[in-house]
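Each remark here refers to the structure printed beneath this line.
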Amino acid sequence: MKILLNDLDDPKVKVAGNFMYPGFVLAGTDRALMIDCGLNILGPLYLKSLGDILGPGKPLDYLFLTHSHYDHLGAAPYLKRKMPSLGIGGHEKIEHLMGRESVIRRMTELGDIQRPLFPGLEEDDTSLGPLTLDLKLRDGDVIDLGGLRCEVYAAPGHTADSMAYFFPEVSALFPGEAIGVPEGLDGVGVQVEFLSSVEDYIATIKRLEELKPKRIYMAHAWAFTGEDARNFFPHSLEETEKYRALIEKYLEEAGGDAGRAVETMARVEYDEKGTIFQERNAYLVNLRAQVALIASGNK
Ligand SMILES: [Fe+2]
């Protein structure tokens, strides 16, 4: 089944914030954990959801990040300011990246662009800044929440710092964008997401497929269960090969000029076809990285 996160009715997994930028909350008998925390401007929304989900006075113990993109960790500095005891975990590269002023500036711009989509947000200081990791997570780490374990998988390819989280007791996988993202109003398409390495991306999809998750909680909008969860992996691999070939075609037509290939591809694939629902600036950032990767010979 494909379930819109707005309609998710799951005893173990709750959605904090907005279904397009979900923070997934799971609680064991001892501790509670949230995975990702989208845009910085949505900070107050996550905080409110956490109160509703966990109940008054119950703390969130951990916030684990799937990767270093503005729409996955944007509210982390805000949440840490509000909950100083929060243990933030992720790949160690995240900390380094968040220490760069240019990164903070760009993330702030990308968050601000989305402000008109969320009218009536509570006013608060949601500014981004450096982020210290309390847990530098590594492949193979296991965090016990009490009757519910979180297994950590390094999942490079989308970014070098991508991590996926798997909960064996409920067979639930939280891949971030490491295996692609369902696309379109019906979630039937796959947005291909290799930004740091095509080969790593393909290897990650194959490795996470081995877990045979019964449920996959996608980074945006959707949860897939049963057969749809199973089928997502081969479908995503197939779309990856197609997308790589498409970029190669545009690069060839542009005589190897990556800038021109991006321009034409954005016009034809995004503007004219109009079937990509990703915000245009974010689409362009990703496309530039993907075209540059293929142009540099990382196939
Ligand atoms: Fe991402």
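Odds and ends about this structure:
- Which listed residue, of Met98, Met83, is more than 26 Å from Ala155 (Cβ to Cβ) and surrounded by fewer than 23 Cβ atoms within 10 Å (Cβ to Cβ): Met83
- Contact annotation: residue pairs with Cβ atoms under 7 Å, 6 or more positions apart or on different chains, pairing a residue in the range 142-163 that is open to solvent by 40 Å² or more (accessible area, probe 1.4 Å) with a partner that is away from the ligand (no atom under 16 Å from the Cβ) and part of a loop (DSSP other than H, G, I, E, B), are Gly147/Gly28; Gly147/Thr29.
- Entry remark, the range 45-57: residues being surrounded by fewer than 19 Cβ atoms within 10 Å (Cβ to Cβ), of a type outside the set (Asp, Glu) and out of contact with any strand residue (DSSP E or B) (no Cβ under 7 Å at 6 or more places or on another chain) number 5 in total.
- Scanning the range 201-237 for residues that are over 24 Å from His69 (Cβ atoms) and open to solvent by 70 Å² or more (accessible area, probe 1.4 Å) yields Glu210, Lys212, Lys214, Glu227, Arg230, Asn231.
- Any hit, the range 247-265, residues being within 18 Å of the chain's Cα centre (by Cα) and not hydrophobic (A, V, I, L, M, F, W, C): no
- The listed residues are Ile88, Ile104, and the only one of them that is assigned by TED's automatic domain parsing to the domain that holds Asp36, open to solvent by less than 60 Å² (accessible area, probe 1.4 Å) and out of contact with any strand residue (DSSP E or B) (no Cβ under 9 Å at 6 or more places or on another chain) turns out to be Ile104.
- Residue within the range 11-33 that is surrounded by fewer than 22 Cβ atoms within 10 Å (Cβ to Cβ), within 20 Å of Thr126 (Cβ to Cβ), small (Gly, Ala, Ser) and modelled with pLDDT of 95 or more present: no
- Among the residues of the range 275-297, some residue qualifies, meaning at least one is over 28 Å from Met107 (Cβ atoms), out of contact with any Cys (no Cβ under 6 Å at 6 or more places or on another chain), surrounded by fewer than 16 Cβ atoms within 10 Å (Cβ to Cβ) and not acidic (Asp, Glu).
- None of Leu208, Leu173, Leu195 is outside the structural domain of Phe277 (by TED's automatic domain parsing) and in a loop (DSSP other than H, G, I, E, B) except Leu195.
- All positions within the range 140-173 that are within 13 Å of the ligand (Cβ to nearest atom), among the hydrophobic types (A, V, I, L, M, F, W, C) and either farther than 24 Å from Trp222 by Cβ or in contact with a helix residue (DSSP H, G or I) (Cβ under 7 Å, 6 or more places away or on another chain) (or both): Ala155, Ala160, Ala164
- Filter pass, Val198 being within 29 Å of Met1 (Cβ to Cβ), surrounded by fewer than 23 Cβ atoms within 10 Å (Cβ to Cβ) and within 16 Å of the ligand (Cβ to nearest atom): no
- In the condition set (1) open to solvent by 10 Å² or more (accessible area, probe 1.4 Å); (2) farther than 30 Å from Gly226 by Cα; (3) in contact with a Pro (Cβ under 9 Å, 6 or more places away or on another chain), Phe166 is compliant with all but (2).
The values are calculated or read from the model by the stated rules, or taken from the named source; none is laboratory data. If you're wondering where the values come from, they're calculated on a predicted model, not measured in any experiment. Every residue, glycine among them, receives a Cβ derived from its backbone with ideal geometry; neighbour counts consider all protein chains shown. Calculation scope for accessible area: heavy atoms of the full protein, side chains included, ligands and nucleic acids excluded. Shrake-Rupley method; radii C 1.70, N 1.55, O 1.52, S 1.80 Å.
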